[in-house]
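Below is one structure; the comments refer to it alone.
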Amino acid sequence: MNTPLWQPSEDRIALTNMTAFMAAVAQRWGIDVPDTDALHRFSITEREKFWQSVIDFADIRAESWGDRVLVDSDKMPGAKWFPDARLNFAHNMLRRPDGVDADAEAMVFRGEDVVQRRLTFSDVQARVSVLAQALADAEVGVGDRVAGYLPNMPETIIAMLATTSIGAVWSSCSPDFGVKGVMDRFGQIEPKVLFTANGYFYNGKAHDSLDRIAEITAQLDSLKRIVVGPYT
């Protein structure tokens, strides 16, 4: 007998975002959406209406969405959603949820059992702003590439948000990548700036990255700036 190990109560289901989204879809389009199967059917048969509902419910902010929602819907790959939209990813990510104070924690970080940091929404916004200005001063602009050879840490997220906030393109890979793996990725995109850390922690041990960073940067002629952050 295939009995679930756990399932939510009806009260808990009623409080989920999915339930609220189904109610919003039903109200906006005047249809009955009693369950997720019905929502799935709606997303297939009424694709434009479904994605209009998604951006409204998620409160995604844009300078302009344009008039077109879906173009070439019969092509996959090839279909394009909101082809005329102009929006900034970082602007949406940096917005505080309604009712959340600027001093509330936005990031709680632990680098194994060695490094611990907590950043508020105000901290994150300020650091992204400073770094975005520094990138602009380094003549990084729309369409330029910025790379991160970094652990999963707050500075990685901040560098990504600063990059996207000015319209540049962010690419990253883990510091446990070897030189060849890094060059296979970064060699194609010719980044102007490389963010990296002096090392990383894995399985309770500190691993140095500086030798690999030297090899990588020697092969990236496009680099104008190299930023090495202290981590280990």
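The values are calculated or read from the model by the stated rules, or taken from the named source; none is laboratory data. Since we're looking at a predicted model, the values are computed, not measured. As a convention, Cβ positions derive from the backbone with ideal geometry for all residues, glycine included, and neighbour counts pool all protein chains shown. Keep in mind that these areas ignore ligands, DNA and RNA; they rest on the heavy atoms of the full protein, side chains included. Shrake-Rupley method; radii C 1.70, N 1.55, O 1.52, S 1.80 Å.
General remarks:
- Cα-centre dipole for the chain with unit charges at Cβ (Lys and Arg positive, Asp and Glu negative), debye to 20: 340
- Using alpha-carbon coordinates, inclination of helix 47-57 to the longest axis of the chain, degrees: 70
- The Stokes-Einstein estimate for the stretch 40-110, based on a Kirkwood radius over Cα pairs and taken at 25 °C with 0.890 mPa s viscosity, is a diffusion coefficient of 168 µm²/s.
- Heavy-atom accessible surface of the stretch 1-74, averaged per residue, reaches 78 Å², computed with a 1.4 Å probe.
- Here's how it looks for Ala106: its modeled amide H is under 5 Å from those of Leu119, Thr120, Phe121, which are all 5 or more places away or on a different chain.
- Vicinal HN-Hα couplings computed from phi for the stretch 89-97 (Karplus, 6.51 cos²θ - 1.76 cosθ + 1.60; Hz; Gly/Pro x): 4, 5, 4, 6, 5, 8, 5, 7, x
- Equivalent ellipsoid semi-axes - Cα gyration tensor, the stretch 41-158, angstrom: 33, 19, 16
- Distance from the C-alpha centroid of the stretch 148-199 to that of the stretch 209-232: 10 Å, rounded to the whole angstrom.
- Here the ratio of the Cα radius of gyration of the stretch 1-54 to 2.2 N^0.38 Å is 1.31.
- The amide H of Tyr231, built 1.01 Å from its N in the peptide plane, has Asn198, Gly199 as neighbours under 5 Å, considering only residues 5 or more places off or on other chains.
- Here the accessible area is traced with a 1.4 Å probe on the protein chains. For the chain, carbon and sulfur cover 51 percent of it.
- For the stretch 99-155, the Rg and Dmax computed from alpha carbons only, in angstrom: 14.1, 39
- Positive contributions from Lys and Arg (+1) and negative ones from Asp and Glu (-1), summed over other residues with Cβ under 14 Å from the Cβ of Phe177, come out at -1.
- Projected over every direction and averaged, the convex hull enclosing the alpha-carbon atoms of the stretch 186-232 yields 3.4 nm².
- Listed residues Val25, Pro4, Pro77: farthest to the positive end of the dipole of the chain (Cβ charges): Pro77
- Amide proton proximity set for Leu87, modelled H, under 5 Å, gap of 5+: Glu63
- Sparse-neighbour loop sites [trypsin sites (Lys or Arg not before Pro); the stretch 92-174; at most 15 other C-beta within 10 Å; DSSP]: Arg95
- Heavy-atom accessible area for Glu215, with the other protein chains in place and a 1.4 Å probe, reaches approximately 100 Å².
- Across the stretch 119-135, computed HN-Hα scalar couplings (Karplus, 6.51 cos²θ - 1.76 cosθ + 1.60, θ = phi - 60°) run 10, 7, 4, 5, 4, 5, 4, 5, 5, 5, 4, 4, 5, 4, 5, 5, 5 Hz from first to last residue, x flagging Gly and Pro.
- Calculated from the alpha-carbon coordinates, the chain shows an Rg and a Dmax of 22.0, 64 Å respectively.
- The alpha carbon convex hull volume per residue for the stretch 123-232 rounds to 86 Å³.
- Assigned charges on the beta-carbon of Lys, Arg, Asp, Glu; the stretch 126-219 dipole about Cα centre (debye): 180
- Estimated vicinal HN-Hα couplings, Hz - the stretch 205-222 in sequence order (Karplus 6.51, -1.76, 1.60; Gly, Pro = x): 10, 8, 10, 7, 10, 5, 5, 5, 4, 4, 5, 5, 5, 5, 9, 9, 5, 6
- Max mean-square fluctuation residue, GNM over the chain, Cα-Cα springs under 10 Å, options Ala14, Ala168, Ala126: Ala14
- Going by accessible surface with a 1.4 Å probe and the largest first, Lys180, Lys224 read Lys180, Lys224.
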